[in-house]
Amino acid sequence: MNGAVPSENLTLFNWPTSTCSQKVRIVLAEKGLAFEDRRLDSSKSENLSDWYLKLNENGVVPTLAHGDKIIIDSSVIAEYLDEVFPEVALSPHDAFGRARMRVWRQFIDEVPTPAIRVPSYNRYIRHKWNTMPQDEFDKLVAKRSVRKHFYRNMGRDGSSPDEERDAIERLRETIVRMDRALEHGPWMVGEQYTLADIALMPTLVRMADIGLATQWDDRPRVASWLGRVRARPSFNKAFYPGSRYGAPGSHPALDVPTC
Ligand SMILES: N[C@@H](CCC(=O)N[C@@H](CS)C(=O)NCC(=O)O)C(=O)O
């Protein structure tokens, strides 16, 4: 439990270091919603257990249970929470503003979210895999659904230098777009802090934690945006000790088999 009695019958199945889980934890914190924090054991691949696959056939975290309703996919969960608990609004009130925010959602889910996996695995996680016998690795990969091909392509040794370069290029493209949008800030879609800010934050925190903060050395608007999101009370609630790589109190990298 996250220090409060769940008042809305919300349970979040997640794990500390997952960027998609962090996104939903920020939404919950911004809205002041109490929830049961059900942390899956990623070192035991609990996300692939039969009981969890019944909740989320993709075998990924997070999953939200709201009473007997099950919602999957972090962007969908974030919008669901914003609709069902509108008191603290995290979306613009006008349709055009919401459309601009959702353009960010599409871009984030397509570009930086898959890109950040590559340096995260290469720099932290592959050390877990490359000491594992090949047949054990193959079995774990075969159990996966949506991530099977990513793991198979990556193999035990991590992604190739070309793939890492491409991923960093996509992350850099994200920073450049953010910088352009922040000209009309202070937030990604203007005056209001929205789900677009929340969805970007875990990727930038991860970039900083794995040595990629230099990507915004020449983009002071992005650096100050990051300072502003980190100054919000929701930040420390969502990024508690043990939920970040390379940060004080961080999760021991070798025990983290997934990002
Ligand atoms: N589209 C999903 C993606 C979730 C996702 O990829 N979660 C990662 C952790 S950040 C995961 O569970 N990976 C499991 C694995 O690699 O086996 C969402 O946004 O919730």
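Just wondering, is there one or more residues in the stretch 47-67 that are touching a Gly at 6+ places or on another chain (Cβ under 7 Å), of a type in the set (S, T, N, Q) and at pLDDT below 95?
Yes, the stretch 47-67 contains at least one residue that is touching a Gly at 6+ places or on another chain (Cβ under 7 Å), of a type in the set (S, T, N, Q) and at pLDDT below 95.
If you scan the stretch 106-123, which residues turn out to be more than 12 Å from the ligand (Cβ to nearest atom), of a type outside the set (D, E, K, R), surrounded by fewer than 22 Cβ atoms within 10 Å (Cβ to Cβ) and assigned to a helix (DSSP H, G or I)?
GLN106, PHE107, ASN122
Tell me whether the stretch 20-28 contains one or more residues that are of a type in the set (S, T, N, Q) and part of a loop (DSSP other than H, G, I, E, B).
Taking every residue of the stretch 20-28 in turn, none turns out to be of a type in the set (S, T, N, Q) and part of a loop (DSSP other than H, G, I, E, B).
Would you mind stating whether VAL146 is over 16 Å from CYS20 (Cα atoms) and of a type outside the set (D, E, K, R)?
no
Look at the stretch 40-58 and say how many of its residues are within 24 Å of GLU136 (Cα to Cα) and not in a loop (DSSP other than H, G, I, E, B).
Count: 11.
Need a quick list: helices (runs of 4 or more DSSP H) entirely within the stretch 135-226 having at least 3 residues that are away from the ligand (no atom under 16 Å from the Cβ).
Filter on the stretch 135-226 gives 161-182.
Considering each of LEU28, LEU10, LEU64 in turn, give the residue that is more than 14 Å from the ligand (Cβ to nearest atom), buried (at least 19 other Cβ atoms within 10 Å of the Cβ) and within 15 Å of the chain's Cα centre (by Cα).
After applying the criteria, what remains is LEU28.
The values are calculated or read from the model by the stated rules, or taken from the named source; none is laboratory data. In this text, all values refer to a predicted model and were calculated from it rather than measured experimentally. When we count neighbours, we look across all protein chains shown, and the Cβ atoms used for this are built from the backbone with ideal geometry, even at glycine.
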